[in-house]
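One structure below.
We did not get these values from a lab; they are worked out from the coordinates using the rules stated. Bear in mind that the values here come from a model prediction, so they are computed numbers and not experimental data. Here the Cβ positions follow ideal geometry from the backbone for every residue, glycine too, while neighbour counts run over all protein chains shown.
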């Protein structure tokens, strides 16, 4: 059964994929798009893996990887915001990535201390 965070991470990944489709096709944007797509989709994938963890340590490790991936995703989003010359929807993604970072960070800090 899917929990609320799983759903939220899935929606976030899909929203990033859809938004990346609107980026220019120049060399620098191709690199950013590739890195962003990898990290944004890895967040949810690692959290999904955590749900099937075989131990508390395995769970904590997978959540820790998801946390690293959302931090990287936030980095690429901030770059896109800086590169943009007009108002864009990446600001919404930045806010969501910060919230997800906070949630995953909280889960990780609680589970990694045991």
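Annotations for the structure displayed:
Table: residues versus (1) touching a helix residue (DSSP H, G or I) at 6+ places or on another chain (Cβ under 8 Å); (2) closer than 15 Å to residue 9 by Cβ; (3) part of a helix (DSSP H, G or I); (4) in contact (Cβ under 8 Å) with a residue 40 or more places away in the chain.
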| residue | (1), (2), (3), (4) |
| --- | --- |
| 49 | yes, yes, yes, no |
| 54 | no, no, no, no |
| 67 | yes, yes, yes, yes |
| 91 | yes, no, yes, no |
| 96 | yes, yes, yes, yes |
| 104 | yes, yes, yes, yes |
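- Evaluation of residue 23 against (1) surrounded by 14 or more Cβ atoms within 10 Å (Cβ to Cβ); (2) part of a helix (DSSP H, G or I) (one fails), failing number: (2)
- Of all residues in the range 30-57, exactly one satisfies the criterion of being over 18 Å from the mean Cα position of the chain (by Cα) and within 15 Å of residue 79 (Cα to Cα), namely 30.
- Among the residues of the range 32-52, just one is closer than 18 Å to residue 93 by Cβ and exposed (fewer than 13 other Cβ atoms within 10 Å of the Cβ), namely 34.
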